[in-house]
Amino acid sequence: MAVTASGDGQTWSSGWTFILASVGAAVGLGNIWKFPYVVGTEGGGAFVLVYLVAVVFVAIPILIAEIVVGRRGGTSPPVAMATVAERAGRSTRWAIVGWMGLIAGYLITSYYSVIAGWTLAYIVKAGTGFGGAAAAEVAAQFDTLQSDPQTMTLWHTAFMILSVFIVGRGLQAGIEKTVKLLMPALFAILVVMIGYAAIEGDFKAGWDFLFNADFSKIDGGAVLTAIGQAFFSIGVAMGLMMAYGAYVPRDVSLTRSAIIVAIADTVVALLAGLMIFPIVFANGLNPAEGPSLIFRTLPTAFVEMQGGVIFGALFFLLLAFAAVTSLIALINPIVQYSQDKWDWSRKKGAMVFGALSWFIGLATVMSFNAWANVTPLASFETFASMTPYDLIDYFTANILMPVGGMLIALFVGWRLDTRKLADELSFGSQAMFVGWLWMIRVVAPLGILAVLYSTFA
């Protein structure tokens, strides 16, 4: 069986393992933390419908394109883009697109590890009944955590060490074994938590909020938010899918794999809503609480619910599992690059770049306390109130990822041989291939341009 190889010459042991790892990469805090609160703030079911349309017409087409480049290049994102471009008779300066994804993903690891550390802290908090605190006092514990840089650094360190250890062990011994263990566990806990929400929560109210569409609540801003959330949730333009694509055997269908990954990712996001909103409504809480929904609002409910200690701890364990599988995917591309360019071992690459990411992450830690009023770019109106964490998040989510994703779509759609693409992707019909081709040539880039325009208008 002919395969591609990257860095240390490893490949996924099977196409199914690649799918599992990619689902693990895509399913993260964006699904279980961000998606529910965005649905809550954007009006519920109508937003969900717009989000699903964005997944189909923007996220999936670019995901397929990114994995194609990864498998063809067989190496880290910057080198893969240059290699594929050169083989197609194009400029190797297309490598800049690979660099954009690699840098975006790497910067995200620095603050993702900090936020993931909160999940570890809350496993302990929930498992001890939040120290016996009354419901009215539980929400304040999140403020206490954020105001304590030493505690935040401790959990950030623990999470980064765990992720570096997994990536350093290699593709099959580290990443594969981890996703094979954690992804089934994640889905099992998710099902258990939905059952708990159905019994103890107001499941009908949660279902209606998530799936009954009131289009009067949808405006242009909500549409653009849906496109951005779909783009972020699936995991495109962060380098991780291109890097994972480099390990894919040639006999694995990229189209089928990408669609399965996108469907699984979307299903998890919807199930997260069915897990969270029944609990929120049963306790008379506000679904539009925003980012604090998970760490302030839900803990208040767990304290008052039967079995809240056990199921609260399970909930945050679920978040931690999702965060681990995503963080190892985010670190992998730069480790892959260190193997390709400098012939480093995976262990060395993981340790060096993990340590650097940990150090950068301290800026995020401090942004919630000592540096809460530090705004490095205050002289610019757009960035006037942004802390170091806000700036990193803004730069990656609003510039590197959308621009990189748009360039990937344009490169694959307009600069690669369409006949070879049709053979490689095996859509099953010419009409489906042509439809995908024009989505990455026109529809997806225009959707991303709309997001960019809204960002800078």
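The values are calculated or read from the model by the stated rules, or taken from the named source; none is laboratory data. Computed from a predicted structure; not experimentally measured. Cβ sites come from the backbone with ideal geometry, for glycine too, and all protein chains shown count toward neighbours. SASA here: full protein model, heavy atoms, side chains in, ligands and nucleic acids out. Shrake-Rupley method; radii C 1.70, N 1.55, O 1.52, S 1.80 Å.
Roughly how many Å² is the accessible area per residue of the chain, as a whole number, for a 1.4 Å probe?
Details: 17020 Å² over 457 residues.
Value returned for the chain: 37 Å² of accessible area per residue.
Can you check what the net charge comes to around VAL58, using other residues whose Cβ is under 15 Å from the Cβ of VAL58 (Lys, Arg +1; Asp, Glu -1)?
Numbers: positive: ARG441; negative: GLU66, ASP265.
Neighbourhood net charge equals -1.
Report in % the part of the accessible area of segment 108-174 that belongs to carbon and sulfur, leaving out ligands and nucleic acids; probe 1.4 Å. Write out the running numbers ahead of the final one.
Details: 1610 of 2440 Å².
Percent of accessible area from carbon and sulfur atoms in segment 108-174: 66.
Hey, can you rank 343-356, 23-36 by average C-beta count inside 10 Å, highest first?
Details: 343-356: 17.9, 23-36: 25.1.
Order by mean packing, descending: 23-36, 343-356.
Based on Cβ point charges of +1 for Lys and Arg and -1 for Asp and Glu, what charge dipole magnitude is obtained for the chain about its Cα centre, in debye rounded to the nearest 20?
On the way: 23 positive and 25 negative charges, 292 e Å.
Dipole about the Cα centre, nearest 20: 1400 debye.
Report the charge-dipole magnitude of segment 50-181 in Debye, nearest 20, computed about the Cα centre from +1 at each Lys and Arg Cβ and -1 at each Asp and Glu Cβ. List each step's numbers first, then the result.
Values: 9 positive and 6 negative charges, 145 e Å.
Computed charge dipole of segment 50-181: roughly 700 debye.
Quick one: check the C-alpha center-to-center distance for segment 128-162 versus segment 258-283, whole angstrom.
Each part reduced to its Cα centre gives a spacing of 25 Å.
Using a 1.4 Å probe over the heavy atoms of the protein chains, calculate the carbon and sulfur portion of the accessible area of segment 257-397 as a whole percent. Provide the component values of the computation, followed by the final result.
Values: 3450 of 5330 Å².
Ligands and nucleic acids excluded, carbon and sulfur give 65 percent.
For segment 200-248, which whole percent of the accessible surface, found with a 1.4 angstrom probe, sits on carbon and sulfur atoms?
Values: 1020 of 1710 Å².
Whole-percent figure for carbon plus sulfur exposure: 60.
Say the dipole of the chain comes from +1 at the beta carbon of Lys and Arg and -1 at that of Asp and Glu; which of TYR337, ALA397, ALA88 then lies farthest toward its positive end?
Towards the positive end, the residue furthest out is ALA88.
Sort 280-292, 106-118, 161-173 by the packing proxy (mean of other Cβ within 10 Å over each peptide's residues), most packed first. Mind dumping the intermediate values first?
Numbers: 280-292: 16.9, 106-118: 24.9, 161-173: 20.2.
Top of the packing list down: 106-118, 161-173, 280-292.
Could you tally the net charge around PHE383, taking each other residue with its Cβ under 13 Å from the Cβ of PHE383, Lys/Arg +1 and Asp/Glu -1? Write out the running numbers ahead of the final one.
Values: positive: none; negative: GLU381, ASP390, ASP393.
Local charge sum for PHE383: -3.
Over the chain, what is the mean sequence separation of C-alpha contacts under 8 Å (at least six apart), divided by residue count, expressed as relative contact order in percent? Walk me through the numbers on the way to the answer.
Values: 781 pairs, mean separation 155.6, N = 457.
Value for the chain: 34 percent.
Grab the other residues whose beta carbon is less than 14 angstrom from that of ALA140, score K and R as +1, D and E as -1, and report the net. Intermediate results must be reported in sequence, preceding the final value.
Values: positive: LYS125, ARG296; negative: GLU137, ASP143, ASP148.
Residues near ALA140 contribute -1 overall.
Would you list the membrane-span-like helices of the chain, meaning whole DSSP H runs whose alpha-carbon atoms span at least 30 Å along their axis and whose mean Kyte-Doolittle value is at least 1.0?
95-127, 177-200, 254-282, 308-342
Which entries of LYS34/LYS217; LYS34/LYS420; LYS180/LYS420; LYS177/LYS204 show an alpha-carbon separation above 27 angstrom in the structure shown? Walk me through the numbers before you get to the answer.
Details: LYS34/LYS217 19 Å; LYS34/LYS420 38 Å; LYS180/LYS420 33 Å; LYS177/LYS204 38 Å.
Correct reply: LYS34/LYS420; LYS180/LYS420; LYS177/LYS204.
Quick check on the chain: helices-only [θ] at 222 nm, where DSSP H runs of length 4 and up contribute -39,500 (n - 2.57) each and the sum goes over total residues. Nearest 500, please.
Numbers: 22 runs with 319 residues, N = 457.
Rounded to the nearest 500, it is -22500 deg cm²/dmol.
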